[in-house]
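Notes to accompany the following structure.
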Amino acid sequence: MKTALTIAGFDPSGGAGLQQDLKVFNAFGVYGMSAVAALTAQNSSGVASVEAVDSKFLKKQLEVLISDIVPDATKVGMLFSAGNVSAVASFLKKYRLKNIVLDPVIMSSSGMMLVEESVPELIRKKIFPLCTVITPNIREASVLSGIEITGIRDMAKAAVVLKGFGPEQVIITGGHLTGSAVDMRYDGTFSYLKGRRAPGTYHGTGCAFSSALAALLAAGNDVPEAAHIAKRFMGRSFRKSVSPGKGMRLFSL
Ligand code: PLP
């Protein structure tokens, strides 16, 4: 059985972060593992509080795990602290891990910062060059590229800038654009993944898309194949989503 690892944040609601990632890995028939980088107190309405896991302890989790199981793919999500970014970059390099998917988490939908101030730049410098694919949404791509994205043309400009920082491929997810929900993939040439906009607000969509990509890469797909399948999976997940709380809809996989 293929294996995938998520290095991400803990979400008690199970709608985002590593709990969501593990459900997605399972949905694709890939054995899921997780290392926790940050703790959050949140529910379907938003994030109330965040704490980083000590970077020495994150490193310990990763070293102990990999002494036993080498993942076929790794998804990196919310790391929160500068120390955790450095620890994860060293880990990915030391073990020459392949199939690395980065969801460059910066802020929650509800507006809570999910990283220390120095982290976006550090991620760009230390983690981007190690990645098979990065999956920023419009807001993250704007912050990380310095280009304010209001439409498809800006998306393309930002994708070129972001690829310049070293990832093999960039997928900017367009779910937050007005108009159609087009994702853009850039690997030197552009391709587009169209989807119907789902009505309502959803929690954990970025986590689900990036962990679906990681599972699909672990299973042996290349990035273009994985992107198409992950996009279809997102469409199904929106349709099957549930609303057990008072806030955003959650995926039920
Ligand atoms: N909590 C954790 C642990 C996350 O990783 C993320 C996003 O990646 C969020 C919350 C934010 O999710 P949302 O954008 O749905 O609020």
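The values are calculated or read from the model by the stated rules, or taken from the named source; none is laboratory data. Bear in mind the structure is a predicted one, so any value in this text is a computation, not a measurement. Note that we place each Cβ from the backbone using ideal geometry, even for glycine, and neighbour counts take in every protein chain shown. Areas reflect the complete protein model, heavy atoms only, side chains present, ligands, DNA and RNA absent. Shrake-Rupley method; radii C 1.70, N 1.55, O 1.52, S 1.80 Å.
At a Förster radius of 25 Å, what calculated FRET efficiency corresponds to the Cβ-Cβ distance of A48 and S86, to the nearest 0.05?
0.35
Restricting to Cα pairs below 8 Å that are 6+ residues apart, what does the relative contact order work out to for region 211-253? Please round to a whole percent.
That works out to 27 percent.
Counting GluC sites (Glu not before Pro) as exposed when in a DSSP loop with at most 14 other beta carbons within 10 Å, what is the longest stretch of the chain free of them?
Answer - 1-116.
At 0.36 nm per residue, and after removing the present C-alpha to C-alpha distance, how many nm does the segment from M113 to R236 gain when stretched out fully? Could you put the intermediate results ahead of the total?
Numbers: separation 123, 0.36 × 123 = 44.28 nm, distance 2.90 nm.
So the extension gain works out to 41.4 nm.
I need the helices of the chain that pass two filters: whole DSSP H segments spanning 15 Å or more by Cα along the axis, and mean Kyte-Doolittle score no lower than 0.0.
Sorted by number, the helices that extend far enough and score high enough are 55-66, 82-94, 152-163, 205-218.
Which links in K59/K157; K126/K240; K2/K56; K125/K231; K23/K60; K2/K94 stretch past 32 Å when you go from one Cα to the other? Don't skip to the end; give the middle numbers.
On the way: K59/K157 35 Å; K126/K240 37 Å; K2/K56 28 Å; K125/K231 28 Å; K23/K60 24 Å; K2/K94 21 Å.
Where the Cα-Cα span goes over 32 Å, the pairs concerned are K59/K157; K126/K240.
Stretched out fully, how many nm does the piece from D187 to E121 gain, at 0.36 nm a residue minus the Cα gap?
This chain segment gains 21.6 nm when fully extended.
For region 130-213, state which trypsin sites (Lys or Arg not before Pro) are in a DSSP loop and have at most 11 other beta carbons lying within 10 Å of their beta carbon. Before the final figure, lay out the partial values.
Values: sites: R139, R153, K157, K163, R185, K194, R196, R197; in loops: K194, R196, R197.
Those that pass, being in a loop and sparsely packed, are K194, R196.
Given an 8 Å cut-off on Cα distances and at least 6 residues of separation, report the relative contact order of the chain as a percent.
Averaging sequence separation for qualifying contacts and normalising by length gives 20 percent for the chain.
Leaving ligands, DNA and RNA out of it, report the carbon-plus-sulfur percent of the accessible area of region 3-239 at a 1.4 Å probe. Walk me through the numbers before you get to the answer.
Working: 5420 of 10140 Å².
That fraction is 53 percent.
How many Å² of accessible area per residue for region 49-175, probe 1.4 Å?
Here the residues of region 49-175 average 45 Å² of exposed surface.
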